[in-house]
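Encoded as structure tokens, the structure appears first; notes follow it.
Readers should treat all values here as calculations from the given coordinates under stated rules, not as data from a laboratory. Predicted model, so just to flag it, every value in this text is computed and none were measured. Cβ atoms come from the backbone with ideal geometry, glycine included; neighbour counts cover every protein chain shown.
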Ligand code: PMP
């Protein structure tokens with residue numbers, strides 16, 4: 001039976017990528033050594049790194065004003081690196097509070113300076129993106145931080161807050177990185193843990209405007225400074241070579257798909273299929289405000305928790321795994337990142353129709 005893995009991350013990878021990695025695991029490019037065994041300063045890995053970066057530049061249309069860095073410690077490390085680098089004790093950073101991960105980023109920033117919460121949807125259980133026109137920004141904020149897709153609540157920004165030229169916008173894009181076309185020039189920095197759309201956990205992809213990076217605190221330990229990664233091309237220490245190799249394969253795959261425009265259209269089709277079914281059914285319901293629904297993490301409820309448990313169990317028996325909602329909110333969550341094929345979503349939709357017939 002074909003298994004479709006709807007897990008929120010680490011998540012499904014394209015089959016072609018897995019097979020290619022398997023193929024090259026023990027013998028990379030005829031070297032008789034696996035990529036993991038090759039020196040990070042050797043020609044093979046240097047080419048992998050350069051190609052991964054070029055692929056990202058091409059796919060996201062990124063100019064030389066921005067640096068592309070691979071930083072260990074996942075997205076959570078960025079929660080502290082950002083304020084460490086940019087937020088002085090007497091400075092104010094603006095944060096939008098749109099879910100659990102935003103709240104974690106806010107908590108870290110509060111260790112270093114002052115945080116102004118520009119808008120929050122906490123009172124309505126993060127069922128929406130806080131309405132931008134009601135935000136209360138700080139006049140001279142050091143930066144504005146948003147979470148573009150809220151993996152647990154199942155919400156996503158469909159338009160980004162307006163750009164303010166003196167306040168760089170930083171976005172945690174962990175769960176919708178490279179799933180759609182964005183204008184990178186609207187951002188001072190975007191970052192994300194790679195384990196959803198980009199492959200391996202433990203590494204963050206950080207795209208940062210070089211002139212913004214120059215404003216950073218120069219007194220930090222070397223490994224915690226963005227400038228180190230920029231100046232040393234993410235190679236001050238031994239980088240996570242295997243993770244970067246997988247990222248290279250995944251971005252090759254994205255190019256083969258036709259780029260982010262094509263990927264975005266497929267993602268739209270996939271999520272629309274699920275939301276249409278949820279909306280026309282009296283059995284399934286969406287806890288998310290329609291204008292804020294995520295195209296990556298589709299969360300929904302069934303009439304009772306018992307039925308939800310039965311749904312998760314029977315779906316797994318039918319080849320659909322990882323559908324249990326996050327432990328903090330319950331319900332069902334179908335994570336449908338780039339690598340989830342349309343056929344996987346169609347299989348889930350068919351199963352949902354059948355399950356409703358039998359249990360509705
Ligand atoms: N931000 C978001 C939006 C996430 O979904 C996650 C992980 N699920 C994180 C940050 C934390 O990422 P990591 O585990 O790589 O630190």
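Which shape class applies to the chain: rounded if a/c is under 1.5, otherwise prolate when a/b exceeds b/c and oblate if not, where a ≥ b ≥ c are the square roots of the Cα gyration tensor eigenvalues? Mind showing how you got there, number by number?
Values: a/c = 2.09, a/b = 1.17, b/c = 1.78.
Oblate.
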**16 Å reach of a label modelled at residue 2, 7 Å along Cα-to-Cβ, counting backbone N of the range 312-332** = 318-321
**Message:** Relative contact order for the chain: what percent, with Cα pairs under 8 Å and sequence separation of 6 or more?
**Reply:** 23 percent
**Separation in nanometres of the label points that stand 7 Å from Cα toward Cβ, at residue 164 and residue 185** = 2.2 nm
**Item:** Gyration tensor verdict on the range 116-192 (Cα atoms; rounded if a/c is under 1.5, prolate if a/b is larger than b/c, oblate otherwise)
**Value:** oblate
**Complete:** In a Gaussian network model of the chain with springs linking alpha carbons closer than 10 Å, the residue among 304, 269, 138 that fluctuates most is 304
**Prompt:** When the helices in the chain are scored as -39500 (n - 2.57) per DSSP H run of 4 or longer and the sum is shared across all residues, what 222 nm value do you end up with, to the nearest 500 deg cm²/dmol?
**Reply:** -11500 deg cm²/dmol
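Take every DSSP beta bridge whose two residues both sit in the range 94-171, then give the antiparallel share in percent to the nearest 5. Show your work: numbers first, answer last.
Values: 3 of 12 bridges.
Given both bridge residues lie in the range 94-171, the antiparallel proportion sits at roughly 25 percent.
For the range 201-261, report the convex hull volume of the alpha-carbon atoms normalised per residue, in Å³, without decimals.
On the way: hull volume 6.6 nm³, N = 61.
Looking at the range 201-261, the number lands at 108 Å³ per residue.
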**Message:** With the crude spin-label approximation of a point 7 Å out along Cα→Cβ, what separation in nm comes out for residue 353 versus residue 18?
**Reply:** 2.7 nm
**Asked** Among 134, 326, 158, which one shows the biggest mean-square fluctuation in a GNM of the chain, springs joining Cα atoms closer than 10 Å?
**Response** 134
**Prompt:** What do you get for Rg/Rh over the range 258-359 if you use C-alpha atoms and the Kirkwood form of Rh?
**Reply:** 0.95
**Prompt:** Cα centroids of the range 57-116 and the range 128-170: how far apart, whole angstrom?
**Reply:** 12 Å
**Message:** Would the range 163-266 count as rounded, prolate or oblate if I go by the C-alpha gyration tensor, calling it rounded below 1.5 in a/c and otherwise prolate when a/b exceeds b/c, oblate otherwise?
**Reply:** oblate
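Evaluate 2.2 N^0.38 Å with N set to the residue count of the range 14-89, then give the Cα radius of gyration divided by it.
1.45
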**Prompt:** If each of residue 25 and residue 268 carries a label point 7 Å out from its Cα toward its Cβ, how far apart are those two points in nm?
**Reply:** 3.9 nm
**Message:** Please report the spacing between the Cα centers of the range 305-354 and the range 184-255 in Å, no decimals.
**Reply:** 32 Å
**Item:** Share, in percent, of DSSP beta bridges within the chain that are antiparallel, nearest 5
**Value:** 55 percent
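Using Cα pairs under 8 angstrom and six or more residues apart, how large is the relative contact order of the range 258-359, in percent? The partial results should precede the final answer.
Working: 101 pairs, mean separation 29.6, N = 102.
29 percent.
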**Prompt:** Among 188, 202, 29, which one shows the biggest mean-square fluctuation in a GNM of the chain, springs joining Cα atoms closer than 10 Å?
**Reply:** 29
